[in-house]
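Before any comments, here is the structure.
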Amino acid sequence: MNLELLESFGQNYPEEADGVLDCISLAVTAGFNKYGTLLAVGCNDGRVVIWDFMTRGISKVISAHVHPVCSVSWSRNGRKLLTASTDNTVCIIDVATGDTDHRFRFPSPILRVQYNPRSLSNFLVCPMRHPAIVVGVDGSRLIIPLDDEADTTISALFDRRGLHVFTGNSKGRVTVHRASDAQLVASFRVTQGAASTTAIKSMEFARRGDWFLVNSADRIIRVYNSTEVLACGIEGEPEPIQKLQDLVNK
């Protein structure tokens, strides 16, 4: 009984900082591996620092780029690291040796990269002012079509199984394409029946389950079920499972 009372007053978020990692350079982006044991930190000098999060010590420093690293993504087995830099290049790095296995160059800066959650053969790239691209390690490229050709400000990511690519644009519209052939299978707007559009800033999938959240410009985080979104089809109207909003600082 006492334990239940204590839990009712507890917070579901950290109340204080656990610690600080003294990085050798200015950190720009970071990402944990699947098990949460290693942390990859992309720095402004182009280096990638691998931290052992259990001992809080640096295990490896990799010089992969000459410009700031803006995005990192771990492979499913944790042996490969995908990095993107403002020098318009994307690298696949062998974590054990620190060598660059593949290097890809694009005509514009890269905003985000993501490994396919279930495959090492391809990954997703979000170039600036350009549609998202599914890039194969063999060099093949599949462009995900835009919902609005004039709207190139998008956020894109794989679902948990790597079967679909979810994209969101600045008009509040989410589209779902098959990752194999870029065929549109579902779409919806986060604000139904609203006169003003709400730009989508970012999206993220849960590690387990079929839930994903959408962070929009109206400062509301909406949680959806991807199975329900696919079942609603094109121009569907799925209801968010949960809405998270700061009621003080609107």
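The table that follows gives values for the structure above.
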item	result
Per-residue ³J(HN,Hα) for the stretch 142-148, Karplus 6.51 cos²θ - 1.76 cosθ + 1.60, θ = phi - 60°, Hz, x for Gly and Pro	10, 7, 7, x, 7, 6, 10
The stretch 225-240 - phi-based ³J(HN,Hα) in whole Hz, Karplus 6.51/-1.76/1.60, Gly and Pro as x	9, 5, 5, 5, 4, 5, 5, 6, x, 6, 6, x, 9, x, 8, x
Lys60 long-range amide H proximity, modeled H, under 5 Å	Ile50
Most mobile listed residue (Arg189, Arg79, Arg173) in the chain, GNM with C-alpha springs under 10 Å	Arg79
Amide H partners (placed H, <5 Å) of Cys70, local residues excluded	Ala84, Ser85, Thr86
Total charge dipole magnitude, the chain, about the Cα centre, Cβ charges on Lys, Arg, Asp, Glu only, Debye to nearest 20	500
Dipole of the chain, positive direction: furthest Cα of Val135, Ile110, Ser71, with charges on the beta-carbon	Val135
Selected from Ser187, Thr100, Ser119, residue furthest toward positive end of dipole (the chain; charges at beta carbon)	Thr100
Inter-label distance for Val185 and Thr55, nm, one decimal - labels placed 7 Å from Cα along Cα-to-Cβ	4.4
Taking all pairs of distinct alpha-carbon atoms in the stretch 108-250, Kirkwood radius in angstrom	15.4
Compactness relative to 2.2 N^0.38 Å, alpha carbon Rg of the chain	1.08
Computed accessible area, Asp147, all protein chains, 1.4 angstrom probe, square angstrom	80
Dipole in debye (nearest 20) - the stretch 86-206, about Cα centre, beta carbon charges: Lys, Arg +1; Asp, Glu -1	320
Cut-off 19 Å (backbone N to label point 7 Å along Cα→Cβ of Arg207), residues of the stretch 58-92	72-82
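The values are calculated or read from the model by the stated rules, or taken from the named source; none is laboratory data. Here the structure is a predicted model, which is why all the values come from computation and not from measurement. Reconstructed Cβ throughout: ideal geometry from the backbone, glycine too, with neighbour counts over all protein chains shown. These accessible areas exclude ligands, DNA and RNA; they are computed on the full protein's heavy atoms, side chains included. Shrake-Rupley method; radii C 1.70, N 1.55, O 1.52, S 1.80 Å.
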